Amino acid sequence: MAYPFQMGLQDATSPIMEELLHFHDHTLMIVFLISSLVLYIISLMLTTKLTHTSTMDAQEVETVWTILPAIILILIALPSLRILYMMDEINNPSLTVKTMGHQWYWSYEYTDYEDLNFDSYMVPTQELKPGELRLLEVDNRVVLPMEMTIRMLISSEDVLHSWAVPSLGLKTDAIPGRLNQTTLMAMRPGLYYGQCSEICGSNHSFMPIVLELVPLSHFEKWSASML
């Protein structure tokens with residue numbers, strides 16, 4: 001969960017989000033080093049009156065500043081492609097949940113059960129209980145088992161939506177007439193909040209997502225109570 005004045009990303013809960021955080025730090029360090037080098041060179045050019053003409057016209061310098069950026073781009077591209085392929089892998093999911101975006105709420109269907117489906121609306125501000133978060137609480141949370149691979153099938157009934165949960169590293173577009181899929185696996189229990197990340201209409205900011213990750217035994221009890 002994000003907190004006020006937070007500058008960085010949310011804490012990772014899934015292996016994919018951990019990889020994304022490492023990639024973010026890796027890329028940020030490269031950007032920091034490049035920025036420092038450029039700033040140092042600019043400061044030298046502004047503070048010295050000497051010019052080394054043989055260095056400015058050297059073929060070796062042009063070779064270095066052509067090859068060095070290519071190497072830096074490769075160092076950024078390789079881990080990026082690795083994570084991209086990891087996010088697309090579907091490894092024998094233990095549970096499949098289908099979510100449909102509507103104006104302006106989400107509906108969920110547990111496809112491994114016969115009649116386990118519900119709609120998830122945002123709780124109005126005047127109905128919030130003490131401790132609940134404004135604009136993020138819903139009347140029906142998505143309860144899922146932790147430490148298990150779960151496949152999410154995502155689509156939309158009307159306009160473009162986007163199903164996103166930052167702490168799990170998830171963001172998948174919900175497109176009418178198209179069924180997108182993504183996987184999630186949480187390593188610890190808890191409540192994980194997200195929102196529609198597509199500008200889908202006037203009430204776009206009022207269709208939050210709440211995942212409740214629980215141990216498998218608690219999930220079995222919850223599913224039995226819902227049927």
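Tell me, what % of the accessible area of the range 15-88 is carbon and sulfur with a 1.4 angstrom probe?
Of the solvent-accessible surface of the range 15-88, carbon and sulfur hold 75 percent.
Please compute the volume of the convex hull spanned by the alpha-carbon atoms of the range 1-124 and report it per residue in Å³.
On the way: hull volume 24.7 nm³, N = 124.
Once divided by residue count, the hull of the range 1-124 is 200 Å³.
Can you give me the angle between helix 59-88 and the longest principal axis of the chain, using Cα atoms only, in degrees from 0 to 90, rounded to the nearest 10?
For 59-88 against the chain, the angle is about 10 degrees.
Run the dipole for the range 95-226 about the Cα centre, Lys and Arg Cβ at +1, Asp and Glu Cβ at -1, nothing else charged, and hand back the magnitude in debye, nearest 20.
400
Rg (Å, one decimal) plus Dmax (Å, integer) for the alpha carbons of the chain?
When restricted to Cα atoms, the chain yields Rg and Dmax of 23.7, 81 Å.
Nothing charged except the Cβ atoms of Lys and Arg (+1) and of Asp and Glu (-1): what's the magnitude of the dipole of the range 1-139 about its Cα centre? Round to the nearest 20 debye.
820
Could you state the accessible area per residue of the chain in Å², with a 1.4 Å probe and every protein chain left in place?
On a per-residue basis, 63 Å².
Got a number for the accessible area of S217? Probe 1.4 Å, square angstrom, nearest 10.
60
Given a cut-off of 20 Å, what percent of all Cα-Cα pairs of the range 15-88 lie beyond it?
Of the Cα pairs, 51 percent sit more than 20 Å apart.
Compute the semi-axes of the equivalent ellipsoid of the range 136-225, taking the square root of 5 times each eigenvalue of the Cα gyration tensor, and list them largest first in whole Å.
Working: eigenvalues 114, 40, 30 Å².
Those come to 24, 14, 12 Å.
At 1.4 Å probe size, with no ligands or nucleic acids counted, give the accessible surface of R82 in Å², nearest ten.
120
For the range 75-195, state the average projected area of the convex hull of the C-alpha atoms over all orientations, rounded to one decimal in nm².
Convex hull of Cα atoms, orientation-averaged projection: 9.3 nm².
The values are calculated or read from the model by the stated rules, or taken from the named source; none is laboratory data. The model shown is predicted, which means the values in this text are computed figures rather than measured ones. Cβ: placed from backbone, ideal geometry, glycine included. Neighbour counts: every protein chain shown. Surface areas here come from the heavy atoms of the whole protein model, side chains and all, with no ligands, DNA or RNA. Shrake-Rupley method; radii C 1.70, N 1.55, O 1.52, S 1.80 Å.
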